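Beneath this line is the structure, given in structure tokens, with notes to follow.
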Amino acid sequence: MTEAAARTIGSSFSHVDTWVFDLDNTLYPPDSTLWPQIDARITNYIMELYGIDGMSARALQKHFYHRHGTTLRALIDQGHADPEHFMDFVHDIDRSSLVHDVSLSEALARLPGRKLILTNGSQKHAEHTAEALGILQHFDAVFDIKAADYIPKPEPVAYRMFFEKHGVDPVRAAMFEDLVKNLKAPHAAGMKTVLIVPKTGINDLRDAWEHRQETPEFVEYVTDDLAAFLARLLP
């Protein structure tokens, strides 16, 4: 990227005073072992809950996800889950593969304004994961799925509750996400939108349908290096 292009990106974010980050596969890369562990534990939860085999549980899990936005939302709607027990179970994972991300920590430290995490996971999971990455100290708050009354992104009401709780003016905010669909509502609300994609050649452990197929107009920027992108926004 040329110096002029870097200046152009920086100026387009000069009005931003609130920086909002998704957690999973955004603050850490999609070749991490974390998301596959969570995904597998969701399958195990469904196996135990319904007394079915792994293949059937996996199929039901993905049906729930596509139909309701999250597996948990489906289980709540059907009266089949204690939300807090579910979240504790699925986020009981090994984070030892994560290392402190010094470059990201330095970029976040220099970024002016508030930094918030907006996640479909739990606050506990977000805090433990950010701590393992060595970046927790840079965030002012976590808005988790419980704070959203278990209504997940990409539902617009989830973002509206987030804006209200944390006094966020979306026109003065930016959203960083790894899933294209989760940037539509933020863009409609006036946020700057940045899609985080895997670096070329890495093993993307997300489901295939979560991989970017196209870049719609509501995705304003795309980067495969969050720390480097943030660094370009600084004077």
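So the values come out like this:
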{"quantity": "Pairs of lysines in the chain (C-alpha under 14 Å apart; 8 or more residues apart or interchain)", "calculated": "5"}
{"quantity": "Relative contact order computed over the stretch 118-181 (Cα-Cα under 8 Å; 6+ residues apart), in percent", "calculated": "28"}
{"quantity": "Local net charge near Gly54, Cβ-Cβ under 15 Å (Lys/Arg +1, Asp/Glu -1)", "calculated": "0"}
{"quantity": "Charge sum, other residues only, whose C-beta stays under 14 Å from Leu133's C-beta, Lys/Arg counted +1 and Asp/Glu -1", "calculated": "-4"}
{"quantity": "Within the accessible area of the chain (1.4 Å probe), percent carbon and sulfur", "calculated": "52"}
{"quantity": "Per residue solvent-accessible surface (Å²) - the chain, probe of 1.4 Å", "calculated": "47"}
{"quantity": "Rounded FRET efficiency, nearest 0.05, which uses the C-beta distance separating Ala227 from Ser14 and R0 of 22 Å", "calculated": "0.65"}
{"quantity": "Listed residues Ile196, Ala174, Ala158: farthest to the positive end of the dipole of the chain (Cβ charges)", "calculated": "Ala174"}
{"quantity": "Label of the coordinate-derived value, Rg and Dmax of the Cα atoms in Å, listed as [x] 16.8, 52; [y] 17.6, 59; [z] 18.6, 56", "calculated": "[y]"}
{"quantity": "Among Leu49, Leu116, Leu108: highest mean-square fluctuation, GNM of the chain, C-alpha pairs under 10 Å", "calculated": "Leu49"}
{"quantity": "Extension gain from Thr33 to Asp88, taking 0.36 nm per residue of separation minus the Cα-Cα distance", "calculated": "18.0 nm"}
{"quantity": "Accessible surface ranking that places the most exposed of Lys181, Lys192 first, with a 1.4 angstrom probe", "calculated": "Lys181, Lys192"}
{"quantity": "Label-point separation in nm, Lys165 to Leu234, each point 7 Å along Cα→Cβ", "calculated": "3.0"}
{"quantity": "Crossing angle, helix 54-68 versus the chain [Cα axis fit, 0-90 degrees, rounded to tens]", "calculated": "50"}
{"quantity": "The chain: relative contact order as a whole-number percent, Cα under 8 Å and 6+ apart", "calculated": "27"}
{"quantity": "Inter-label distance, nm, simple model (7 Å from Cα along the C-beta direction), Glu155/Ser56", "calculated": "2.8"}
{"quantity": "Residue-count net charge about Pro170 - beta-carbon cut-off 10 Å; Lys, Arg +1, Asp, Glu -1", "calculated": "+2"}
{"quantity": "Global form of the stretch 1-95, assessed from the alpha-carbon gyration tensor, a/c cut-off 1.5", "calculated": "prolate"}
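The values are calculated or read from the model by the stated rules, or taken from the named source; none is laboratory data. Model, not experiment: these values are computed from the prediction. Neighbour counts are summed over all protein chains in view; Cβ atoms, including those assigned to glycine, are modelled from backbone coordinates with ideal geometry. Each accessible area value is taken on the protein alone, full model and side chains, heavy atoms only, with ligands, DNA and RNA left out. Shrake-Rupley method; radii C 1.70, N 1.55, O 1.52, S 1.80 Å.
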